[in-house]
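Worksheet: one structure, shown below.
The values are calculated or read from the model by the stated rules, or taken from the named source; none is laboratory data. Everything quoted here is computed from the prediction, not taken from an experiment. Neighbour counts run over all protein chains shown; Cβ positions are idealised from the backbone, glycine included.
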Amino acid sequence: MAVSSITAFWAVSVLLILVPGADWAYAISAGLRDRSVAPAVGGLLLGYVGLTAVVAAGIAAVVADHPAVLAALTLLGALYLIYLGVTTLTRPGTPDAAPDDATGSGAHGPSSRRSRVLQGAGISGLNPKALLLFLALLPQFTQPGTGWPLALQISTLGLVHILSCGAIYLCVGVLARTVLRTRPAAARAVTRVSGAAMVVIGAVLVIEQLT
């Protein structure tokens, strides 16, 4: 597989990642509400691992032949975004809400971290922008006849996207937390904006699928 193809895909991938959307809103929300953004970002990456596995298994071709499947996934992802957005709006925590102990407890304990991971996986795994990238664009950057099995090419490109997502979303979450740590009112406002963004994105997608 030519380095030029990997580089071209990486450029497209980064451009898509840099466009604010549901992933950004979730990373910012996690940065403002959680002691660490790692569980939330880890969840986002887990969702992309799942998408990579799905495409590598050849399911992308099946989805391409059945547009209704992609529409259903998009609608499901949109409804999930709306749910998370409403939840964020009703509970716009701030960085000061985190406990002082190193391990965390209660709302910030292991179950909460697990919940953040699962929510992140749901957001990225059902993110229409991610579905477009993995199901429609990613296969176009593969090169049959290069000696690389197709599944390996897709896995390589998926890994490139996952690593880029990890770097960018960690920066987004940490920067949001660092900048707004001493500004609880501003932190709550930004969290509410993030929640509202999820709701708006989800609502627009629902309308697109139903019209």
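Name the single residue that is modelled with the lowest pLDDT among those in segment 33-47 being of a type in the set (Gly, Ala, Ser) and more than 21 Å from Ser155 (Cβ to Cβ).
Ser36
Within segment 25-41, can you find the residues that are within 14 Å of Ile168 (Cα to Cα) and of a type outside the set (A, V, I, L, M)?
Tyr26, Gly31
On the basis of being part of a loop (DSSP other than H, G, I, E, B) and either modelled with pLDDT under 85 or over 18 Å from Ser36 (Cβ atoms) (or both), does Gly158 make the cut?
Here the answer is no, as Gly158 does not meet what is asked.
Could you list, in sequence order, the residues of segment 81-95 that are modelled with pLDDT of 75 or more and either over 14 Å from Leu126 (Cβ atoms) or in contact with a Gly (Cβ under 7 Å, 6 or more places away or on another chain) (or both)?
Within segment 81-95, Ile82, Gly85, Val86, Thr87, Leu89, Thr90 qualify.
For segment 169-204, how many residues meet the condition of being modelled with pLDDT of 85 or more and closer than 13 Å to Tyr26 by Cβ?
4
Among the residues of segment 15-27, is there at least one that is in contact with a Ser or Thr (Cβ under 7 Å, 6 or more places away or on another chain) and over 21 Å from Leu159 (Cβ atoms)?
yes
Matching residues to (1) touching a strand residue (DSSP E or B) at 6+ places or on another chain (Cβ under 9 Å); (2) buried (at least 17 other Cβ atoms within 10 Å of the Cβ); (3) hydroxyl-bearing (Ser, Thr, Tyr):
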residue	(1), (2), (3)
Leu170	no, yes, no
Gly173	no, yes, no
Ala176	no, yes, no
Leu180	no, yes, no
Pro184	no, no, no
Ala189	no, no, no
Ser194	no, yes, yes
Val199	no, yes, no
Ala203	no, no, no
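So which residues in segment 4-38 are buried (at least 21 other Cβ atoms within 10 Å of the Cβ), part of a helix (DSSP H, G or I) and not small (Gly, Ala, Ser), if there are any at all?
Listed by number, the residues that qualify are Phe9, Ile17, Asp23, Tyr26, Ile28, Leu32, Arg33.
Suppose the filter is assigned to a helix (DSSP H, G or I), modelled with pLDDT under 90 and under 28 Å from Leu18 (Cα atoms); does Leu133 pass it?
Here the answer is yes, as Leu133 does meet what is asked.
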